[in-house]
Amino acid sequence: MRKLAEFDYMLDSFNRDSRNLNRLRHDFVNKYTQSYIKNDMNLDDFVVGKGNKNSFCYQLEFNLAQLGSIRGSNSKNGIYYNQQKQDYVVTKAWQRNDENSLLLI
């Protein structure tokens, strides 16, 4: 009986966690719709470093960590705001030298 009670407790805990994770994901995808990303998001709404805890990259790195952590270098985002330089920095992995490159800033 004790094992069954432990299982029931763990199942309840799993169901609560699952609902919370689904809510996190749901809130994120509803806020950052494809339309918003393509048409309305500006650079400051995207980057980490400007102090905006509602930015797309901040949300991915810090607020959605329970869904899978991507914390670490800024190279994954392609661009970030450097407080010391007071400027945007395009990471080396995302820099392009050809004239057909997408100009980010």
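Annotations
- Modelled spin-label separation between Q84 and K38, with each label point placed 7 Å from Cα along the Cα-to-Cβ direction: 3.9 nm.
- Given their separation in residues at 0.36 nm each and the Cα-Cα distance between them, R19 and K92 gain 22.4 nm when the chain is fully extended.
Only the coordinates and a few stated rules stand behind these numbers; no lab work does. Everything numeric here is computed off the predicted structure, so don't read it as measured data. Ideal geometry is used to build each Cβ from the backbone, glycine not excepted, and the neighbour counts take in all protein chains shown.
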